[in-house]
Each structure stands twice: as structure tokens, then as C-alpha cells.
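Here is the structure we will look at, set down as C-alpha cells.
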Amino acid sequence: MSDSSADIRYLRFLKPNGELDKDAPTGSHDPNEIADLFRRMLELRVFDSKAINLQRTGKLGTYPSWYGHEAAQVGVAAAMKKEDVLAPSYREGGVMLCRGVSMAEILLYWGGDERGSDFAVPRDDFPYCVPIATQCLHAAGAAMAFQHRGESRCAVAVNGDGGTSEGAFYEAMNIAGVRKLPVVFVVINNQWAISVPVAAQTSSSTLAHKAIAAGIEGVQADGNDIVAVRHCMREALEKARKGGGPTLVELITYRLGDHTTVDDAGRYRQQDEVDTASDLEPFIRTRKYLASKNIWDTQLEEQFLEQCTNNIEAAVNNYLATPKEAVEQMFNHMYAEMPESLLAQRAHAIHFCDTDKD
Amino acid sequence: MAQLSYREAVSAAISQEMRLDDRVVFIGEDVAAAGGVFKTTEGLQAEFGPVRVRDTPIAEQAILGAAMGAAMTGLRPVAEIMFSDFFAVCWDIVVNQIAKTRFMSAGQCSFPLVIRSANGGGARFGAQHSQSVENWAMAVPGLKVVAPSSPADVKGLLAASIRDPDPVLFFEQKSLYGTKGEVPDGECVEPLGKAKVLREGSDVTIVGLAAMVPKALKAAEILQDKHGISATVIDVRSLVPLDTTTIFESVSATGRLVTVEENPRLCGWGAEVSSLVAEELFWDLEGPIVRVTTPHIPLPSADALEDAVLPSVDRIVENVVRLAD
Ligand SMILES: Cc1ncc(C[n+]2csc(CCOP(=O)(O)OP(=O)(O)O)c2C)c(N)n1
Ligand SMILES: [Mg+2]
């Protein structure tokens, strides 16, 4: 699929060679600010590879790596305000981390503990959404609530390229468009939906074009360019906050890893495609840019990585030390007030758990 | 006889039928190039090509809606819904359309199609990837509902489902995919709507489906060895049509019925079987009918919790012992 198209804007400011376009928006020329974002990206990458290792050693369940998505994730979160609401897909835990969800919570979730979705902060953000694309509708609903109460908040749904084939995605854009709801639909186009390449997903020349029929704006950005991602998200959020309605933001990147830890992408895609994508990945160019501004070097990176690793180790220890959820908890969280019929079933389940321990 | 896994039996059945009938086509998400996320359909695209074996965009309504239209115009589609939980995003096509249109067209339209799906728990996949939803399908007039427990039944019953002139929802239990068993060589077709008696006993009838069948068999062994209780074990195999003849015959003889279902407590298929037995065989019963089910909660992803709520061998044994006392 082409990056550029006559009627869809395509944003890229930080080029793959590390040069920042002189036309880059004002407010993106402070290299220290970019360095802050880069540190977040690094943290996400280290966390992600740690999570994969935990799965490989039997300490975590199936895990969907976000390897390659870091600029997109950090950029989306950086443009959002604290009071906004995120409705994420299962892969975009990196955005959640940047929003304040803790590493231990993310690990709990993928370790099979429902308490991982009971975030200490941000309380209003939505949990991971597993049924593809349905979070787009939930985000439209959150935006409806903000509009209803006259609040200056926005909802952000993050969806995948494959997710743009679901009816729910179109329906969400349509309802949001007609009511000018303050919501941004982010599509992280990482070129693959499990084994299906985006070319087998749609004949639309870009995914951003899918906005047109809903009467809303569609825009594309280089999802490996932290400056462009943050900027187009800021524009879309500002417009939504002012009553200008929803935007579809397509972030073009690449899923450098397997679909999940139980997938082997080698079964269905060519290594040279992955190699090409690896040359364009977000860290290389950001690192080059920061080095050209003399504010980043290998030594600083090593120091930062060490600090990251320590934080992540602490979170992992915290996760591993969390006592397992008790059987009764499953029942306790079913309803605000437990129906009598469930009381008996809870007693029964506790009984069998106790027998198992004998 | 060849040893096949439950997973291999799926592609064995589809390829058997595709070779015999060129109207049979197969569509779904990640089914073609990747051979299915559970590797159930490996090799099909290589053998039958990209026209008969297609990957679809991620759109379950499109998969089932297209299967419906194609079935109405001369194809015999086999469609895959990757996880049965996602029937929930395309249920309109199943319930309002596929199941009703023969009735609403006075028999003019027919739906020789099969919808296969990975169903049930035990794989630590969490609340939205582990549901046992064969009871949803059973509640809809117009559908046939099949759920095999062994590789031989996967092959035979899937082949029969593909040949059947009516729509069949075919539930594969994902925790059974790795299990192996003897599958007859050559063309293999097992009639739909027949339960199978897997073990004969005189004290109690245990009726199970899919992953509950091997558990019921194990429980029956323990009951015999440790408690001197002799149990019949019946694999229901098909919920619609339901083989009441086989079930009634056995319960008449033993006087006791225990159903073992993975469905959440309310309105699981065992409730229907129990109600039929209560109505028809009340005077033959020597004790209350007992249902062993998952509690009325979604399945958790944590292994210990999932094990705690899915019916276990121990739970079956304890319930039967209590009933037989
Ligand atoms: C309604 C529904 N159908 C199918 C699936 C199975 N599934 C999980 S991930 C996935 C691919 C999604 O691809 P994409 O939207 O591109 O997101 P990515 O995995 O690349 O982040 C599919 C088909 C699901 N979770 N929900
Ligand atoms: Mg994708």
C-alpha cells in the first residue's frame, strides 16, 4: 500500500536518516523533548523483550509483542491529556504504560490475573480489548458521554490494520462522524494481521481512506517517526476538543516480531521483508537525530538502559511476588451484588479447591 | 487404521470431502497460507489452491454472510470462526438468517454449509477465548450442532456435516487438538445424530460431550476401581439432533443420570438432557439427576483458577459417589 495519496495527507518529519525536516511543526524542534520521548521508547522496548523472556521461561502467558510499535505508542500517549480516555487493543500495552498503567499490572494481565486490568491509574482508561475492533465503538461511547456532559475530554481508540475490516470499525466512525464526537481512531498499520498481509485485507489504497465514506478526516503518518505521530495526534485531539469531530489516524509501521509468543511468523512471511522494515524502525533514526544534536551517545544509552532494566526487574519481582488470585475472587467480581445462586456455586468451587490441595 | 491427532483429523475430513466434491470450499481467517492458528487446516491451500481455500479479511459477518450466500447458490462452504467466542460478533447471520431462511422460504432455500470453530476452555486463553458456546447454538431452531471428542469422530462427523443438506455448527474442543487416536483409513463418514456408548456399566449413566468425555471415562475407571461403582459413559457427540434413544435406554437400565458439561451452569445442554429424562423416565430413576458444570462465570485465564472451575475428574467422581450412596 502506498504511503502517499492525492487526497490523504501523509506526515513524516523525522526521516529514516535521522534528519528532522525543517518544516517540522513548531514545538518539535527541542531535542531534549525528543530525548524524553526516546527514553520512553527505550523503556517500552526493554519491557517488551523482558515480557517475551518471561513467557519463554513459563512465567507469563501468551504475549503479543509490540516490537517496532514504540514510536507510535509513545507518540499517541504523549499527545493525549491525562483526562482523556484510551481504549486499547491487546497489542498496545505500550500506550497504556505511558498513560500510567504499571508494568506489574500489564504483567499480571498477561499472566492471567484479571487484577491486571484494575489499574491504579488511569482509572478511566478502558481495559485491553480482545474482540477485534470493538474498542472503536466503546471509544465512540466514551466520547458521547464527554459530549453529553460538555467536558473537554477526548477518547482514543487504537485498532490494527486487520481490525479495519470489521464492521465495528466502520460503524464507530460513522456514529462518531454524524454526531461529531470527540474521538480519535488510531490504526496502527503494522502490515500484518496474524498471517494476513494488509494487501489481502482491503483494496482501499490506504487505510486512512476509509474515513472518507464516514465523512470524517483521514490522515496518515510515518508510525516510526515519533515527531509525526505526536503531531498528527495533537492536531486530531485539538480538533476533537474544539467540537470538530473525529479523525482517523493511520500510523504506518511494521510488526517486527511474531503475532504473539505462540506464533512463528517465519511460516508465512519472508525474512527480507522483515530486514527492510528493520532498517526503517523507529530507534535508528531517533538515535541518529539525537546524536546529531550532541545530546545522546552510547554511554548515555547504556546508563539509561541499566536504569530501565532495574525498574523492570523490580516490576517483574513485584508481579512474581503477587499472591495468586483466590478462587472466590472470580465470583466476587461477577456482579455488584452477588445473586444467591452464585453464593452456592462459590461455596462449591472453594470446596473443590480445598479438596485439590489435600 | 492410522494414528491421527484431533487437529490432523480436521484437515483429513475437509480434504477428503474436497476431493470428492468440487463444490466444497473453505474460508476463514488465517486458514490458508498459515494453515489455521491451531494448525488444523495445514496443507489444504497447497492441495486445493487459493480459490477453494481462502483467507478472508477479519470480518466474521463477512465470512458467515458469504458462506450463506454461496450455499444458497450451489457451493458447499466450510467456514471457520477462529474462536467460538466470536460467534457473538456474527450471530445475526447464524440465528436470524442461516437458521431461519429455509423455514421462511417454505423450504426453497437450503444451507448445505458447515461452520467450524475452536470451542471451550482448558487452554488458559481467558474469558473471551475459552467459552463453550455449543449451548447457544442448541437453543436456536434450524441448526445442527456437533461436538466430537476423538480424532475418528472429528473426521467422520465433519465429513458427514459437510455432506449434510442443513447448516451444521461444528465445535472442536481446542484442548483436544493435540490428542491422538486411531482413525479408519479410506473414506470415513459417521452419521450425525447418534450418541456413542463408550463404556457399559450398570449403576449410573454419565453423559458427556467433547473434552468432558475423556474426563468422564477416567472418572468411570476410578469409580470402578475405588468405589465399586459401575458406570456407563455416553459421548453425546451431537446435540441437535439429540440421540435420546441411546441416552434413555441407558438411563432406564441404570436408573441414575449424571451430565458433565463445560457450559456455564444456567441453560447448559445438560439441563435439556436432564429435563427430557425427568419427563420421560421419571419412574425409572433411582435418584436425582445431577449436573456437573462450570459455575455461572466466564472462564478465568489463570491455570489454577481455570482448573478449579472446569469440571474435573475428581468432581465427577465425588458427584457420582454422592448420588450412588
Ligand atoms: C472478532 C475477532 N475475530 C478474530 C480474532 C482473532 N485475532 C486476534 S488478533 C487478530 C489479528 C489482528 O490484526 P491487526 O488488527 O492488524 O492487529 P495486530 O495484531 O497487527 O496488532 C485476529 C484475527 C479476534 N481476537 N477477534
Ligand atoms: Mg496488524
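The values are calculated or read from the model by the stated rules, or taken from the named source; none is laboratory data. Just so you know, these numbers come straight off a predicted model, no measurement behind them. Positions of Cβ are generated from backbone atoms using ideal geometry, with glycine treated the same way; all protein chains shown enter the neighbour counts. Just the protein is used for accessible areas: all its heavy atoms, side chains included, with ligands, DNA and RNA removed. Shrake-Rupley method; radii C 1.70, N 1.55, O 1.52, S 1.80 Å.
The table that follows gives values for the structure above.
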{"quantity": "Single unsatisfied condition, A:SER205 versus (1) within 27 Å of A:ASN17 (Cα to Cα); (2) within 16 Å of ligand 1 (Cβ to nearest atom); (3) open to solvent by 10 Å² or more (accessible area, probe 1.4 Å)", "calculated": "(2)"}
{"quantity": "Residue list for segment B:308-323, filter: surrounded by fewer than 19 Cβ atoms within 10 Å (Cβ to Cβ) and more than 8 Å from chain A (Cβ to nearest Cβ)", "calculated": "B:VAL313, B:VAL321, B:ARG322, B:LEU323"}
{"quantity": "Selected residue (only one of A:ASP264, A:ASP279, A:ASP297 is free of Cβ contacts under 8 Å to residues at least 40 places away in the same chain and away from chain B (no Cβ under 14 Å))", "calculated": "A:ASP297"}
{"quantity": "Top-ranked residue of segment A:169-207 - restricted to ones that are assigned to a helix (DSSP H, G or I) and within 16 Å of ligand 2 (Cβ to nearest atom), ranked as farthest from A:ASP258 (Cα to Cα)", "calculated": "A:PHE169"}
{"quantity": "Pairs, first open to solvent by 10 Å² or more (accessible area, probe 1.4 Å) in segment B:99-115, second among the charged types (D, E, K, R), C-beta under 7 Å, six or more apart", "calculated": "B:CYS109/B:ARG102; B:SER110/B:ARG102; B:PRO112/B:ARG76; B:PRO112/B:ASP164"}
{"quantity": "Segment A:348-357: number of residues that are more than 8 Å from every other protein chain (Cβ to nearest Cβ) and within 30 Å of A:LEU54 (Cα to Cα)", "calculated": "3"}
{"quantity": "Filter result (in a loop (DSSP other than H, G, I, E, B) and under 20 Å from the mean Cα position of the chain (by Cα)) within segment A:15-66", "calculated": "A:LEU60, A:GLY61, A:THR62, A:TYR63, A:PRO64, A:SER65, A:TRP66"}
{"quantity": "Flag if B:SER161 is at negative phi, open to solvent by 30 Å² or more (accessible area, probe 1.4 Å) and polar (S, T, N, Q)", "calculated": "no"}
{"quantity": "Matching residues, segment A:149-189, being among the polar types (S, T, N, Q) and open to solvent by 10 Å² or more (accessible area, probe 1.4 Å)", "calculated": "A:SER152, A:SER165, A:ASN174"}
{"quantity": "Residue in segment B:51-58 that is more than 9 Å from chain A (Cβ to nearest Cβ) and under 25 Å from A:PHE169 (Cα atoms) present", "calculated": "yes"}
{"quantity": "Criterion: within 14 Å of chain A (Cβ to nearest Cβ) and not acidic (Asp, Glu) - qualifying residue of B:ALA118, B:ALA106", "calculated": "B:ALA118"}
{"quantity": "Test: residue in segment A:268-275 that is buried (at least 18 other Cβ atoms within 10 Å of the Cβ) and either within 30 Å of A:GLU235 (Cα to Cα) or without any contact (Cβ under 8 Å) to a residue 12 or more places away in the chain (or both)", "calculated": "no"}
{"quantity": "Only listed residue being modelled with pLDDT of 95 or more, farther than 30 Å from B:PRO298 by Cα and surrounded by fewer than 23 Cβ atoms within 10 Å (Cβ to Cβ), chosen from B:PRO57, B:PRO77, B:PRO50", "calculated": "B:PRO50"}
{"quantity": "Test: A:TYR90 is without any contact (Cβ under 8 Å) to a residue 60 or more places away in the chain, hydroxyl-bearing (Ser, Thr, Tyr) and either within 24 Å of A:LEU237 (Cα to Cα) or surrounded by 24 or more Cβ atoms within 10 Å (Cβ to Cβ) (or both)", "calculated": "yes"}
{"quantity": "Only one of B:SER161, B:SER149 that is part of a loop (DSSP other than H, G, I, E, B) and either more than 14 Å from chain A (Cβ to nearest Cβ) or closer than 30 Å to B:MET1 by Cβ (or both)", "calculated": "B:SER149"}
{"quantity": "Count of segment A:99-138 residues which are assigned to a helix (DSSP H, G or I) and among the acidic types (Asp, Glu)", "calculated": "2"}
{"quantity": "Segment A:211-260: number of residues that are within 16 Å of ligand 2 (Cβ to nearest atom), open to solvent by 10 Å² or more (accessible area, probe 1.4 Å) and among the aliphatic types (A, V, I, L, M)", "calculated": "2"}
{"quantity": "Number of positions in segment A:321-347 that are within 14 Å of chain B (Cβ to nearest Cβ), assigned to a helix (DSSP H, G or I) and open to solvent by 40 Å² or more (accessible area, probe 1.4 Å)", "calculated": "9"}
{"quantity": "Single residue of A:GLN271, A:GLN191 found to be farther than 21 Å from A:LEU37 by Cβ and either within 16 Å of ligand 1 (Cβ to nearest atom) or at pLDDT below 95 (or both)", "calculated": "A:GLN191"}
{"quantity": "Test: B:ASP92 is at pLDDT 95 or above and touching a Ser or Thr at 6+ places or on another chain (Cβ under 8 Å)", "calculated": "no"}
{"quantity": "From the options B:ALA118, B:ALA152, B:ALA67, B:ALA147, residue that is open to solvent by 10 Å² or more (accessible area, probe 1.4 Å) and either over 17 Å from the mean Cα position of the chain (by Cα) or closer than 26 Å to B:ALA9 by Cα (or both)", "calculated": "B:ALA152"}
{"quantity": "Qualifying positions in segment A:94-117 - open to solvent by 10 Å² or more (accessible area, probe 1.4 Å) and within 14 Å of another protein chain (Cβ to nearest Cβ)", "calculated": "A:LEU108, A:TYR109, A:TRP110, A:GLY111, A:ASP113, A:GLU114, A:ARG115, A:SER117"}
{"quantity": "Residue pairs meeting the criteria (Cβ under 7 Å; at least 6 apart or on separate chains; first within 10 Å of chain B (Cβ to nearest Cβ) and among the charged types (D, E, K, R), in segment A:161-182; second within 9 Å of ligand 1 (Cβ to nearest atom) and open to solvent by less than 20 Å² (accessible area, probe 1.4 Å))", "calculated": "A:ASP161/A:VAL187; A:ASP161/A:ASN189; A:ASP161/A:ASN190; A:ASP161/A:ALA193; A:ASP161/A:VAL198; A:ASP161/A:GLN201; A:GLU166/A:ALA133; A:GLU166/B:ALA59"}
{"quantity": "Evaluation of A:LYS210 against (1) within 14 Å of ligand 1 (Cβ to nearest atom); (2) within 14 Å of another protein chain (Cβ to nearest Cβ); (3) outside any helix (DSSP H, G or I) (one fails), failing number", "calculated": "(3)"}
{"quantity": "Residue in segment B:80-91 that is surrounded by fewer than 23 Cβ atoms within 10 Å (Cβ to Cβ) and more than 18 Å from the chain's Cα centre (by Cα) present", "calculated": "yes"}
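For (1) more than 19 Å from B:SER149 (Cβ to Cβ); (2) open to solvent by 20 Å² or more (accessible area, probe 1.4 Å); (3) aromatic (Phe, Trp, Tyr), each residue gets a yes or a no:
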{"residue": "B:LYS215", "(1), (2), (3)": "no, yes, no"}
{"residue": "B:GLU221", "(1), (2), (3)": "no, yes, no"}
{"residue": "B:ILE229", "(1), (2), (3)": "yes, no, no"}
{"residue": "B:VAL233", "(1), (2), (3)": "no, no, no"}
{"residue": "B:ARG265", "(1), (2), (3)": "yes, yes, no"}
{"residue": "B:SER274", "(1), (2), (3)": "yes, no, no"}
{"residue": "B:ASP284", "(1), (2), (3)": "yes, yes, no"}
{"residue": "B:PRO300", "(1), (2), (3)": "yes, no, no"}
{"residue": "B:ALA304", "(1), (2), (3)": "yes, yes, no"}
